[in-house]
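> The structure that follows is given in the form of C-alpha cells.
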Amino acid sequence: MSALTEAQRVRRRQQARDAIEKGLRDSQDAWAQTPPRLDWAADIAVTSLGELAAEILVDGTMMRSFTLKDGVPTLELEPASEILTLFVATMRGFLGAHRAENYVETEVTFPSVSMDVGDGAVGDAYTLTVQRRTHPTPHGFRQRAERERDTILRVVSTYVTDCNSPKGPNARDLVRRLEEAGFPLPDGK
C-alpha cells in the first residue's frame, strides 16, 4: 500500500463531507430541535459514512512491515490519521452533547475472524475513551468517588457507634453530620 496523494486526500475528504451532509439533511427533522440534539446528529453523521469510512481507513494506511515470528503473523501499519482525526472530532462533539464532564466512551467490536492472531481471541470488543487531557481521567473520577464514599461511610460509622451510647443521637443528627461533611441527602430531608 502507498500513502495517499494530496488529490486523493482531498477527494476522500469531500466524499466523507458529502456523505455526512446528506445524512444530516435527510434527517434534519430528527436532530434539528430546540435545542439541537447534537448527539443524534453525530450518530447520524457517523452512520452516514457507512462503507466509505472503511474505504477511507484502508486508503489512509500504509503497510510498514509483515513478519512471522513463532508462527504468529504480525502486520504493522502506519496510522490512518484522517479517520482518527474524524473519530476524535466526532467524540469531542459527544463530550458536549452528552454534557460529559471530561470523557466519553464507545464500544468497538471486531467480528470473529478465521485466523487466531496469537492471543486466542477471535472476535473482540474494546472500549475507546476520548477525554480532555487537562481534566480528570476515568481513573481520577473513580478515585474521587471512592474518597467521597469513604467520607460518607466514616460519618455513618461514627453515627452508628454514637447511637450505641445511652444518650446517642437521633436520625436527624445523621442528616446533619452528612450535610456538614458536604453530602446532603438527595431529597433535601
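> Sorted from fewest to most neighbouring beta carbons within 10 Å, what does the list 98, 139 look like?
If I rank by nearby Cβ atoms, fewest first, I get 139, 98.
> Need one number: nm distance between label points at residue 150 and residue 5, each 7 Å from Cα along Cα→Cβ, rounded to one decimal.
If labels sit at residue 150 and residue 5, their model points lie 6.2 nm apart.
> Given points 7 Å out from each Cα along the Cα-Cβ axis, report the residue 158 to residue 173 separation in nanometres with one decimal.
With each label placed 7 Å out from Cα toward Cβ, I get 1.2 nm.
> Could I ask something else about it? To the nearest 0.05, how large is the calculated FRET efficiency for residue 132 and residue 40 if R₀ is 30 Å and r is the Cβ-Cβ distance?
0.85
> Tally Lys and Arg at +1 and Asp and Glu at -1 over the other residues with C-beta under 12 Å from the C-beta of residue 44: what net charge comes out?
-2
Rule-based calculations on the coordinates, nothing more; no lab input. These numbers come from a predicted model, not from an experiment. We place every Cβ from the backbone using ideal geometry, glycine too, and count neighbours over all the protein chains shown.
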